[in-house]
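Right, one structure below, let's go through it.
The values are calculated or read from the model by the stated rules, or taken from the named source; none is laboratory data. Because the structure is predicted, anything quoted here is derived from the model rather than measured. FYI the Cβ positions are ideal-geometry reconstructions off the backbone, even for glycines, and counts take in every protein chain you see. Accessible surface areas use protein heavy atoms only, side chains included; no ligands, DNA or RNA. Shrake-Rupley method; radii C 1.70, N 1.55, O 1.52, S 1.80 Å.
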2 protein chains.
Amino acid sequence: MKSVDRRVQKTRALLHEALLDLIVEKGYEAITVQDIIERANIGRSTFYFHFEDKEKLLRGCIDQLFHFLQISPKSSSEEKLNGNIHFQFSLAMLQHVQSHRLIYTAVVGKQSGVVVLYHMKKMLKTVISEEIDQLYERDLLKKLPTGVLTAHILGSFWTMLNWWMEQKTPYSAIQMDQMFHEIALSGVRA
Amino acid sequence: MKSVDRRVQKTRALLHEALLDLIVEKGYEAITVQDIIERANIGRSTFYFHFEDKEKLLRGCIDQLFHFLQISPKSSSEEKLNGNIHFQFSLAMLQHVQSHRLIYTAVVGKQSGVVVLYHMKKMLKTVISEEIDQLYERDLLKKLPTGVLTAHILGSFWTMLNWWMEQKTPYSAIQMDQMFHEIALSGVRA
DNA sequence: TAAATTCCGAACACATTGTTTGATAAAGGG
DNA sequence: CCCTTTATCAAACAATGTGTTCGGAATTTA
């Protein structure tokens, strides 16, 4: 059990916090390493001692944000929504978003960065494709390449997030979850 | 009729071309103004004489790419696909993509840039929301906020493009159009 | 041909990156 | 408690990119 040096813990926490704050304020792209170390009040060389560059720091943040999702309680209520199909990941995620609206608004919005979106989607894809595979084997999905299905579900979900974050008087996580299921599973046709 | 100075035409064409080439090679984000003017063999001050920055040049390129779409022949064949609903924009766009695969692969891919995606989607959104509104008034769509519907269609279409560009042995534009309609209109449920 | 416009290239101040230095401070182990 | 190890810091650095400015040269238009 090698415990991590307290100084290291403190420094990393400060840097994570600074990055998230700055993302909310000006968006990922616009942030410079200079900004981060000033906000965190950390020396320049110390930053590079811990992280290769801005992106590596970001990865640390995202890993941390989503570590929560991994251990979040799966809704075991097998609801009969939309013909038995019910994705597990969506509600947990949507609720997490709801309680961290500021940061997600920034992450999802115009000011974000490709890298941010890339890492976020990559993570979601992992979660989604598992569920897709299960449903596919139970013949509950269309007979299209599972790649397309996964991509489509991820895309739909992401679209929902984006739209949600743009609304002034936001819907609840539960409402969004229903809308997501409705539209992703049976499309837009009346 | 003020005709544009030939030198201006030539310079702008060279810069457009250089940018597109470089996007294919290294992705938008990684490109510097330095790269562009070297590739185009244009003086530094000349670049800034024409464009404020990299993004303004990009906008010029996209406007040009999509000017084609505006005047592209709408498929007037009122096919009875998926219960009478048939988006006009998709096939024209997909065919344009098919004949410019390299650039679209780069634009859509991991190396792209938020600005690129932003401008592309913005343009598509304009086209799509028109069609959505028409269909909505004819009661052919679900009674959800039209904003969600538009966002979803745009998202689905974008997802299709992404997935398409990732495939090694690509489907045809027509196949992709069918898949897009199928999945966007009636979802993934079997 | 003459006037207007555009191009060039060189130089400029400025910001950001990522690295290196050696001194200082703090942590952890015995 | 002392001593070794490790982390931090500030300062300076080269390298790269940005956006501006200048006067002179070249080209276009009329």
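Against chain B, whose longest principal axis comes from its Cα atoms, helix B:114-137 is set at around 30 degrees. For chain B, the relative contact order comes to 23 percent (Cα pairs under 8 Å, sequence separation of at least 6).
Rg to Rh for the protein assembly as shown: what is it, with Cα atoms only and Rh by Kirkwood?
On the way: Rg = 22.8 Å, Rh = 23.0 Å.
When Rh is taken as the Kirkwood radius, the ratio is 0.99.
Per residue, how much accessible surface does the range B:37-190 expose to a 1.4 Å probe? Answer in Å², no decimals.
Details: 7700 Å² over 154 residues.
Value for the range B:37-190: 50 Å² per residue.
Computed from protein heavy atoms with a 1.4 Å probe, the total accessible area buried between B and A is close to 3300 Å². Using a 7 Å projection from Cα along Cα-to-Cβ, the label point at residue A:62 is separated from the same position in the remaining copies by 2.2 nm, smallest value first.
Kindly state, to the nearest 0.05, the FRET efficiency for residue A:38 paired with residue B:46, given R0 = 30 Å and r defined as their beta-carbon distance.
Values: r = 37 Å, r/R0 = 1.22.
So the FRET efficiency works out to roughly 0.25.
Annotation: amide H-H contacts under 5 Å for residue B:187 (H modelled 1.01 Å from N, sequence separation of 5 or more, or interchain): A:187, A:188. Look at the dipole of the range A:6-61 built from charges on Cβ: of A:18, A:34, A:48, the Cα furthest out on the positive end belongs to A:48. Helix B:146-166 and the longest principal axis of the Cα set of chain B meet at an angle near 70°. Note: chain B, Cα convex hull, 152 Å³ per residue.
Between residue A:99 and residue B:178, the modelled labels are 4.7 nm apart [label points 7 Å from Cα along Cα→Cβ].
Across B:126, B:150, B:105, mean-square fluctuation computed from a Gaussian network of chain B (C-alpha pairs under 10 Å connected) peaks at B:126.
Would you kindly state the longest site-free stretch of chain A, with sites defined as GluC sites (Glu not before Pro) in a DSSP loop (not H, G, I, E, B) surrounded by at most 13 other Cβ atoms within 10 Å? With a cap of 13 other Cβ atoms within 10 Å, the longest stretch comes to A:80-190. In this structure the amide hydrogen of residue B:141, modeled in the peptide plane, comes within under 5 Å of the amide hydrogens of A:190, none closer than 5 places in sequence on its chain.
Tell me the net charge near residue A:18. Cut-off is 10 Å between Cβ atoms, residue A:18 excluded, with +1 for each Lys or Arg and -1 for each Asp or Glu. Walk me through the numbers on the way to the answer.
Details: positive: A:39; negative: A:17, A:21, A:35, A:38.
Residues near residue A:18 contribute -3 overall.
The dipole here belongs to the range B:15-66: it is taken about the Cα centre, uses +1 on the Cβ of Lys and Arg and -1 on the Cβ of Asp and Glu, and is about 100 debye. Between residue A:63 and residue B:126, the simple spin-label model (points 7 angstrom out along Cα→Cβ) gives 4.4 nm. For the range B:72-186, the fraction of 1.4 Å probe accessible surface lying on carbon and sulfur atoms is 54 percent.
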